[in-house]
Amino acid sequence: MSLNETLRKLPKIGDLIERPEIKELVYFYGKNVVLKAAREAVNELREQLILSETSCHSKEKLTEENLIKEALKIIIKKLEEYKSFSLKKVINATGVVLHTNLGRAPLPKEVLENINNIASGYSNLEFDLDEGERGERYSHVKNLLIDLTGAEDAMVVNNNAGAVLLCLSALSKGKEVIVSRGELIEIGGSFRIPDVMLQSGAKLVEVGTTNKTHLYDYERAINENTSLLLKVHTSNYRIIGFTSSVERYELKKLAGKYDLVFMEDLGSGVLVDLRKYGIPYEPTVQDSVKAGVDVVTFSGDKLLGGPQAGIIVGRREIIEKIKKHPLNRALRIDKLTLASLEVILKIYLEGNMEKIPVIKMISKDLETLQKDAEKLAEGLNSILKEKGNAVVLDDLSEVGGGSLPGVQLPTKVVALRVYGLEPEEISKRLRSAKIPVIGRINKNEYLLDVRTMNEEDIFYTIDMVGKIVWEI
Ligand SMILES: *Cc1c(COP(=O)(O)O)cnc(C)c1O
């Protein structure tokens, strides 16, 4: 049979669409989508036939009926792909708690209930219910932030990079800002302090050296054009060895002497002493406020464990000035974020930190991790049978998200071995599973770290591994 003869047997779209199986699909997915899938399926089949022409496929199997069956299979697969969203749930089995590529902080269920309530209807977002007139969107979190941090005033924008840009634009445009050379950070996603500074119209004045900056370095750089001293938390790296930086209270005194604003970009906004959870001390927002920093900015979705947001707390007249800057309108926080942030801050105020997934995952003890890992390994072994095995191993997980560099948390991982599949291949297949599972590979082992997995994740991971095992 020649290629042309075979190609003529390809199903016609008009005939396909009349098939009862397709009519049912049209009922579920709509005619346009099914037609598009049918066209794509026939094209794919045509390409397959042309490509396989040189290989000696049993061509007698290429009946019209078989080609229709093939086309139907492709159409159904395509329709399932259309139906699924591009942005979807994945299982984070990397053990990296604040995984920037996987959406940083997962939110507690209390937050979702509130989002549902606020998003599905109208709200008093900018409406003062007492006065019956226009209100301020920050009012819903302002007092919580004041109570938690001890600051005079507070506001929130889209993210912390935005918060830093806004503060510098509002407070230092055309003026000089002094920063230590040891704090000129770059974090992922091209946020670099010198670039943000340039964008804001403030002039960066670098002082000191990479490893040491002294109070006199700052003082010597001050002139009549200086407006602000900026301290930046080196969130994603540590300088160790022969180092020194200037304490906040000293910078505060210096700022006071020359009538300058003292600002700090804290990066990760920690509101609790993490030593409680066996993690080295991280400066808290309260520390900065207490030390007299005039304006402090931090992220909502790093160690705070809330939604993406840039939180600004500080002295009232400074916050007022920032609020009035036109850039604030461009960076403003949306109602879903506010609905979610209010819940998170209430949880902190009530002291129920274990309700916050980020804190819960960071503080998971080895006993719990061992139990979870055993459960996962057991489930995996029961579906792998003679096709592979799963064993529990000791390992280390990271906090991630540019927070707590160098801090490694002892954890338990499950090494998944499937005979005939390299770790990269296991990884690839699990990434394309219905609920993608993202693990990590270390020393040629595919590892699933249970620190970042909840009960449901463990259950679905076993299910997804079952599907790839079934295919081999
Ligand atoms: C993470 C970080 C930022 C940026 O915060 P986003 O919320 O990601 O925009 C800025 N500064 C520091 C020091 C950070 O660690």
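Take every Cα pair under 8 Å whose residues are at least 6 apart in sequence, average their separation, divide by the length of the chain, and the relative contact order is 18 percent.
Averaging the sequence gap over all C-alpha pairs within less than 8 Å and six or more residues apart, then dividing by the number of residues, gives region 85-202 a relative contact order of 14 percent. Which shape class, rounded, prolate or oblate, goes with region 1-94 when its Cα gyration tensor gives a ≥ b ≥ c as root eigenvalues, a/c under 1.5 marks rounded, and past that a/b bigger than b/c marks prolate? In terms of gyration-tensor shape, oblate.
Remark: region 83-93, residue by residue, has Karplus-estimated 3J(HN,Hα) of 5, 7, 7, 6, 8, 9, 5, 10, 9, 8, 10 Hz, where x stands for each Gly or Pro and the curve is 6.51 cos²θ - 1.76 cosθ + 1.60 at θ = phi - 60°.
Note on region 245-398: antiparallel DSSP beta bridges, both residues inside, total approximately 50 percent of the bridges counted.
Aspartates and glutamates near K253 by alpha-carbon distance under 12 Å, same-chain residues fewer than 8 away left out - which ones? Partners found: E219, D294.
On a 20 Å Cα-Cα criterion, which of the cross-link pairs K173/K321; K142/K360; K109/K371; K89/K385 come out too long? Walk me through the numbers on the way to the answer.
Working: K173/K321 13 Å; K142/K360 26 Å; K109/K371 24 Å; K89/K385 28 Å.
Flagged as over cut-off: K142/K360; K109/K371; K89/K385.
Under 5 Å from the amide H of K231 lie the amide H atoms of M263, E264, D265, each residue being 5 or more positions distant or on a separate chain, with H modelled from the backbone and absent for Pro and chain starts.
Sorted by packing (mean other beta-carbon atoms within 10 Å per residue), highest first, where do 72-85, 300-313, 405-418 land?
Numbers: 72-85: 14.0, 300-313: 26.8, 405-418: 19.9.
The most tightly packed comes first, giving 300-313, 405-418, 72-85.
Using a cut-off of 28 Å between Cα atoms, the listed pairs K83/K428; K73/K443; K276/K346; K355/K428; K231/K412; K203/K335 include K73/K443; K355/K428; K231/K412; K203/K335 as exceeding that distance. Karplus-based coupling profile of region 201-213, in residue order and whole Hz: x, 8, 9, 6, 10, 8, 10, x, 10, 4, 9, 9, 9, with θ = phi - 60° in 6.51 cos²θ - 1.76 cosθ + 1.60 and x standing for Gly or Pro. Our coupling estimate for region 128-139, obtained by passing each phi through the Karplus curve with A = 6.51, B = -1.76, C = 1.60 and θ = phi - 60°, is 7, 5, 5, 8, x, 9, 3, x, 10, 5, 6, 4 Hz, Gly and Pro reported as x.
Once you sort the root eigenvalues of the Cα gyration tensor of region 250-321 as a ≥ b ≥ c, which label holds: rounded (a/c under 1.5), prolate (a/b larger than b/c) or oblate (the other case)?
Details: a/c = 3.15, a/b = 1.54, b/c = 2.04.
It is oblate, given that a/c is not under 1.5 and a/b is not larger than b/c.
Placing R0 at 25 angstrom, the Cβ-Cβ distance between E21 and I50 gives a FRET efficiency of 0.45 after rounding to 0.05. First select every other residue whose beta carbon is under 15 angstrom from the beta carbon of Y27; then total the charges, Lys and Arg +1, Asp and Glu -1. Cβ neighbours under 15 Å give a net charge of +1. Under 5 Å between amide hydrogens, built in the peptide plane, is the criterion, and for V207 it picks out V179, S180, R181 among residues at least 5 positions away or on other chains.
Before rounding to the nearest 500, sum -39500 (n - 2.57) across all DSSP H runs of length at least 4 in the chain and divide by the residue total; then give [θ] at 222 nm in deg cm²/dmol.
My calculation for the chain gives -13500 deg cm²/dmol from helical runs alone.
Within a straight-line Cα-Cα reach of under 16 Å, K61 can be paired with the following aspartates and glutamates, leaving aside sequence neighbours fewer than 8 residues apart in one chain: E5, E53, E70. All other residues whose Cβ lies under 11 angstrom from that of V246 are scored, Lys and Arg at +1 and Asp and Glu at -1, for a net of 0.
Under 5 Å between amide hydrogens, built in the peptide plane, is the criterion, and for K175 it picks out K203 among residues at least 5 positions away or on other chains.
Any read-out appearing in this document is the output of simple, stated calculations on the displayed coordinates, not a laboratory observation. None of these values were measured; they are calculated from a predicted model. Quick reminder, even Gly has a Cβ in these numbers, built from the backbone with ideal geometry, and neighbours come from all protein chains shown.
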